[in-house]
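The values are calculated or read from the model by the stated rules, or taken from the named source; none is laboratory data. Everything numeric in this text was worked out from a predicted model, so none of it was measured. Cβ sites come from the backbone with ideal geometry, for glycine too, and all protein chains shown count toward neighbours. Side chains included, ligands, DNA and RNA excluded: accessible areas come from the protein's heavy atoms. Shrake-Rupley method; radii C 1.70, N 1.55, O 1.52, S 1.80 Å.
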Amino acid sequence: MGFSILSQAADAGVEEVGFYNVGDPFMHKNLDGFVAHAKKVGFKYTYLSTNGALATPERAKPVIDAGLDSIKFSLNAGTRESYKIVHGRDEFDLAVKHLKYISNYRKEKKKDLYIAITYVITKQNHKELDNLKKELSEYVDEIAATPFHSQNGQMTPAEKLLA
């Protein structure tokens with residue numbers, strides 16, 4: 001079904017496709033197949049957003065080799081402690097390890113892959129951004145930090161915790 005949707009979108013003139021939504025795109029076992037098919041049917045730009053925990057070398061390499069143009073890591077914290085509060089899991093070190101691997105793989109294979117970190121500024125992590133930049137800037141093309149905002153009133157419990 002996914003291949004058909006990609007083909008239909010390309011036939012309709014869509015030029016970019018992002019692989020993300022609820023849940024991490026690396027959860028899908030055929031992510032590399034979707035990226036390869038998107039490139040085959042004419043998408044000029046393919047991208048995804050991940051928290052990085054599932055972006056293992058075994059999963060990331062085939063996706064990058066399939067032609068992925070951009071990967072964004074949603075870290076939203078500068079320490080393990082803050083990451084666990086914001087993301088609900090203690091996977092900060094794992095996400096950073098995978099980000100560094102992907103960055104080094106990009107350099108080694110001379111891939112034209114754009115790598116970014118997004119960072120939502122909260123009351124827990126606002127003092128950690130400078131350190132994150134210091135530690136990870138060499139591995140990415142951009143670190144984009146934005147203040148936490150409600151999603152049209154849909155995040156009231158989260159707002160109390162994070163804002």
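Here are the numbers for this structure:
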{"item": "Leading residue by the ranking (modelled with the lowest pLDDT) among those in the range 107-142 that are in contact with a helix residue (DSSP H, G or I) (Cβ under 7 Å, 6 or more places away or on another chain) and basic (Lys, Arg)", "result": "123"}
{"item": "Residue within the range 43-61 that is assigned to a strand (DSSP E or B), closer than 25 Å to residue 88 by Cβ and of a type in the set (Val, Ile, Thr) present", "result": "yes"}
{"item": "Hey, residue 23 out of contact with any strand residue (DSSP E or B) (no Cβ under 8 Å at 6 or more places or on another chain) and closer than 18 Å to residue 94 by Cα or not", "result": "yes"}
{"item": "Out of 88, 67, 52, sole residue that is under 11 Å from the mean Cα position of the chain (by Cα) and not acidic (Asp, Glu)", "result": "52"}
{"item": "The range 59-104, subset modelled with pLDDT of 90 or more and aromatic (Phe, Trp, Tyr), residue farthest from residue 146 (Cα to Cα)", "result": "101"}
{"item": "Residue satisfying condition, being buried (at least 17 other Cβ atoms within 10 Å of the Cβ), in a loop (DSSP other than H, G, I, E, B) and not basic (Lys, Arg), within set 68, 94, 99", "result": "68"}
{"item": "Criterion violated by residue 80 - all others in (1) under 16 Å from the mean Cα position of the chain (by Cα); (2) under 23 Å from residue 119 (Cβ atoms); (3) not hydroxyl-bearing (Ser, Thr, Tyr) satisfied", "result": "(1)"}
{"item": "Residue satisfying condition, being open to solvent by 30 Å² or more (accessible area, probe 1.4 Å) and either within 16 Å of residue 60 (Cα to Cα) or touching a Phe, Trp or Tyr at 6+ places or on another chain (Cβ under 6 Å) (or both), within set 127, 107", "result": "107"}
{"item": "Count of residues meeting criterion [assigned to a helix (DSSP H, G or I) and either open to solvent by 60 Å² or more (accessible area, probe 1.4 Å) or touching a residue at least 60 places away in the same chain (Cβ under 8 Å) (or both)] in the range 19-38", "result": "1"}
{"item": "Odd one out for residue 120, checked against (1) out of contact with any Phe, Trp or Tyr (no Cβ under 8 Å at 6 or more places or on another chain); (2) open to solvent by less than 80 Å² (accessible area, probe 1.4 Å); (3) of a type outside the set (D, E, K, R)", "result": "(1)"}
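So that you can scan it fast, the table gives a plain yes or no per residue for (1) more than 21 Å from the chain's Cα centre (by Cα); (2) within 18 Å of residue 60 (Cβ to Cβ); (3) acidic (Asp, Glu):
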{"position": "3", "(1), (2), (3)": "yes, no, no"}
{"position": "6", "(1), (2), (3)": "no, no, no"}
{"position": "10", "(1), (2), (3)": "yes, no, no"}
{"position": "14", "(1), (2), (3)": "yes, no, no"}
{"position": "23", "(1), (2), (3)": "no, yes, no"}
{"position": "47", "(1), (2), (3)": "no, yes, no"}
